[in-house]
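Worksheet: one structure, shown below.
The values are calculated or read from the model by the stated rules, or taken from the named source; none is laboratory data. None of the values given here were measured: they were computed from a predicted structure. All Cβ positions, glycine included, derive from the backbone under ideal geometry; neighbour counts span all protein chains shown. When the accessible area is computed, the model is the full protein with side chains, heavy atoms only, and any ligands, DNA or RNA have been set aside. Shrake-Rupley method; radii C 1.70, N 1.55, O 1.52, S 1.80 Å.
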Amino acid sequence: MTARRNRRRSGTPNPADDRDFRRALQRQVDALVATVTLKDPPSGLGLTAERERREQVAAAWLYMSCVAVWAEDHQLVEPLLRTAPPGMVRNAASAPLWLGRAFEALTRHPSTQWLLHPEYNPMLWAGAPSATACDNLITWWATQAPSLAWPDQDGYPPSISGWVIGDLLQILSPQRRARHALVQTPHYVADFILDRTLPPAADTFRDEPVLRLIDPTAGTGHYLIRAVDYLWQWYTTGRMDSRSVDQPPIADGPALPPGEAIRRILASVDGVDIDPLTAAVARLRMTVYLGHLLTGAGLLPRPLRLAAVPAWVTPRIAVGDSLLIGKISRAEYGRLHPHLVDLPGAAFPLSDFAWPADQAATTAPARPGRSS
């Protein structure tokens, strides 16, 4: 790893906090934008709107390359962007396909299959940069861009938790900040809120088989990932320590084998987000992090590979409007969120979900001549 890849000016190990890196990402967006060809551009699209669409397409391609590089830096997938596999030679003309192969490697698990779906990641399919621009992007990742992995640092989330790809989605998607209020929570804020809620809940419900929690606005999963750490300690050691609040630990909980602890975490943690891609990123992060815990416990071989994470390690993170889903009928929900009501995998893997009955269909009509 080069000295440039080790540099962090912000004082945190996360490259998303580095101003130089954020500027470099913006330069990559600008370089891609100039070459983007839109697929089926809407008629009457003004110059400003067309520029915004091109920026969104460029950002989508760059963001997915960030996710792919993060996965490569943690050996979750075979390298394609950092370095070519032995015996394989990339030329400029094949660069878009090369990127596509790197993106596709991220979908090798049942819970991550939606990352590239057109209804989850529409801007990735709305256009494409030129082959030369894609080639330049791959070269940048291979020769200049910093590592998206960092050594474990006390108090800071480990890089295998995907903290950086959560933060980068906000940085590269200003439209998500505007439409869905996507603002990444600092880890110390998440820890403070969890300290005030999870240990007291564990103390109160220690006799329950699982300690249930839900994040109704889960975003890319920052709270969910930190909650997993608390629950992993609770289910494997019977103890839960606070991270940022000075309070005694909770003790005398279950002390289970690692595999059973992971199953209980999956039964404990639920998340919902209204933006499909954001939820898909949270699913990827949780899947990888639970696989990482299984690897640390000796139940999966090293290095951890995404494709080797058991299919049953499938986090319950749904796509939907958490204020409305389950409260109104499917027809009413569809009128408010037509892009979500038929979204494949939206409540994945909540196969037992049932929409409430349509009020209009369950209310008996008033008799003629009588007031209702």
>> Once R0 is set to 30 Å, what does the formula 1/(1 + (r/R0)^6) return for the Cβ-Cβ distance between Ser94 and Gln175, expressed as a FRET efficiency to the nearest 0.05?
In response: 0.45
>> As an exercise, find the ratio Rg/Rh for region 229-274 from alpha-carbon atoms, using the Kirkwood inverse-distance average for Rh.
In response: 1.06
>> Please compute one quarter of the surface area of the Cα convex hull for the chain and express it in square nanometres.
In response: 23.9 nm²
> With labels modelled as points extended 7 Å from the Cα through the Cβ direction, what inter-label distance (nm, one decimal) is found for Leu323 paired with Leu350?
Replying inline: 1.7 nm
>> Expected output is a single nm value to one decimal: the length gained when fully extending between Thr197 and Ala267, i.e. 0.36 nm times separation in residues minus the C-alpha distance. What is it?
In response: 23.4 nm
>> Rg and Dmax in Å for region 220-372, alpha carbons only: what are they?
In response: 20.8, 76
>> Between Gln247 and Arg19, what is the label-point separation in nm under the 7 Å Cα-to-beta-carbon projection?
In response: 3.8 nm
>> If I take the Cα coordinates of region 181-269 and project them onto the principal axes, what are the three extents in Å, biggest first?
In response: 38, 29, 19
> What residues qualify as long-range amide H neighbours of His337, i.e. H under 5 Å apart, gap of 5 or more or another chain, H built at 1.01 Å from N?
Replying inline: none
> Roughly speaking, to the nearest percent, how much of region 85-187's 1.4 Å accessible area is carbon and sulfur?
Replying inline: 57 percent
>> Per DSSP helix of 4 or more residues, -39500 (n - 2.57); summed, then divided by the residues of the chain. What does that give at 222 nm, rounded to the nearest 500?
In response: -14000 deg cm²/dmol
>> Using a Förster radius of 30 Å, what is the FRET efficiency between Thr185 and Thr37 based on their Cβ-Cβ separation? Nearest 0.05, please.
In response: 0.20
> Ordered by residue, what ³J(HN,Hα) values in Hz, to whole numbers, does region 90-100 give under the Karplus form 6.51 cos²θ - 1.76 cosθ + 1.60, where θ = phi - 60° and Gly and Pro are x?
Replying inline: 9, 10, 4, 5, 8, 4, x, 5, 4, 4, x
> For region 84-143, what Kirkwood radius comes out of the mean inverse Cα-Cα distance, in Å?
Replying inline: 12.7 Å
> Whose amide H sits under 5 Å from the amide H of Ile317, counting only residues 5 or more places off or on another chain, with H placed in the peptide plane?
Replying inline: Gly271
>> Under 10 Å, Cα contacts only: if you run a Gaussian network model on the chain, which one of Ala59, Ala261, Ala331 comes out with the highest mean-square fluctuation?
In response: Ala331
> Length gain on complete extension for the stretch Phe205 to Thr12, per 0.36 nm per residue less the alpha carbon to alpha carbon distance?
Replying inline: 65.9 nm
>> Strictly greater than 25 Å: what percent of every Cα pair in region 96-213 meets that?
In response: 46 percent
> Looking only at chymotrypsin sites (Phe, Trp or Tyr not before Pro) in DSSP loops with at most 14 other Cβ atoms within 10 Å, what is the longest site-free stretch of the chain?
Replying inline: 1-204
